[in-house]
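The values are calculated or read from the model by the stated rules, or taken from the named source; none is laboratory data. Note that the structure is predicted; figures quoted are calculated from it, not measured. Please note: Cβ atoms are built from the backbone with ideal geometry, for glycine as well, and neighbour counts cover all protein chains shown.
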């Protein structure tokens, strides 16, 4: 049975007895911190300062010193095994790989050695060995297979956020609120945790955190400015849109961050178009206003009237193509247009494209 587990799963379970050697690996500092806390609790119990724990710097630590620490018995440990944590241990692993491979076969019974690293390739002898005999906690963002490549697993991230909000911040985070948080902040777990703490101040214990609350608290005035910008683009007011976009860039906003907020707003139009089209195909009696409300537009008369006019102007065919357009834009911002200047150009092209497609002689209906 594999002893390698993703941190999300590790945190959901009782760690049980931790083997003599463990690896906490990945780039998410919050997950690494939580994994270490779970391991500490399993090995030595609570946070008492007298428990037998040592933390060493992996950049400067020598092999002999580390092994001596693992073998040291604390006078105040109450019989617990000693826990030795080696932070930033990537260089240590490179220097002492042969020693670690040998030690992994027969670790000291007196303690647990935990290496905290960023990079931990799965094709090494040490990874394969510890996958059988040790404990390895993956503290990267979760991924899933899409064809031949791996992509971020958005559902797993949202699921964890909902559980974490309830367990740690005592609030019920609605799924669309979790999705909006990732769109606004990005998949930055440390920032997500901070904003969940802030959101919890706005509701009663075990109260609901909604997408509207996330928009107001996390997005703030910038989110409102971007939603107004997107609405103006759909209406074809391109000159004003480019001016407002320029102001946001001058204030230090980066294209990749703006993309998440812009995409969230545009996807609502695409979702409304699909909901309405599906209802028409199945014979369901659903008005365009109801489809807009189902897609997440504010459910009050004026807002729905305005959104309905914009969607009619955009046209259901173009609205349906938005998902594909946004996917291509996302990939370009992570690749060919990852530089800020090129990313800005990509966003400007998106908005200019709305004006190019809109036919001023027709304000309603579909146009190919």
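Tabulated data
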quantity: Failed item, numbered, when residue 203 is tested on (1) over 24 Å from residue 33 (Cβ atoms); (2) touching a strand residue (DSSP E or B) at 6+ places or on another chain (Cβ under 9 Å); (3) exposed (fewer than 15 other Cβ atoms within 10 Å of the Cβ); calculated: (3)
quantity: Test: residue 189 is within 30 Å of residue 19 (Cα to Cα) and not assigned by TED's automatic domain parsing to the domain that holds residue 268; calculated: yes
quantity: Residue within the range 153-173 that is within 14 Å of the chain's Cα centre (by Cα), part of a helix (DSSP H, G or I) and over 17 Å from residue 7 (Cα atoms) present; calculated: no
quantity: Yes/no for residue 103 being touching a helix residue (DSSP H, G or I) at 6+ places or on another chain (Cβ under 6 Å) and over 30 Å from residue 210 (Cα atoms); calculated: no
quantity: Residues of the range 5-24 satisfying the condition of being surrounded by 19 or more Cβ atoms within 10 Å (Cβ to Cβ) and farther than 14 Å from residue 115 by Cα; calculated: 6, 7, 8, 10, 11
quantity: Residue match in the range 73-87 (condition: over 26 Å from residue 14 (Cβ atoms), out of contact with any strand residue (DSSP E or B) (no Cβ under 9 Å at 6 or more places or on another chain) and at pLDDT below 95); calculated: yes
quantity: Matching residues, the range 255-265, being in contact (Cβ under 8 Å) with a residue 40 or more places away in the chain and either farther than 11 Å from residue 347 by Cα or buried (at least 20 other Cβ atoms within 10 Å of the Cβ) (or both); calculated: 255, 257, 258, 259, 260, 261, 262, 263, 264
quantity: Answer residue from the range 299-354, given it is assigned to a loop (DSSP other than H, G, I, E, B) and touching a residue at least 60 places away in the same chain (Cβ under 8 Å) and is surrounded by the fewest Cβ atoms within 10 Å (Cβ to Cβ) among those; calculated: 338
quantity: Members of the range 226-252 that are surrounded by fewer than 18 Cβ atoms within 10 Å (Cβ to Cβ) and outside any helix (DSSP H, G or I); calculated: 237, 251, 252
quantity: Set 285, 271, 279: member being buried (at least 18 other Cβ atoms within 10 Å of the Cβ) and assigned by TED's automatic domain parsing to the domain that holds residue 226; calculated: 271
quantity: Residue within the range 254-272 that is in contact with a helix residue (DSSP H, G or I) (Cβ under 9 Å, 6 or more places away or on another chain) and assigned to a loop (DSSP other than H, G, I, E, B) present; calculated: yes
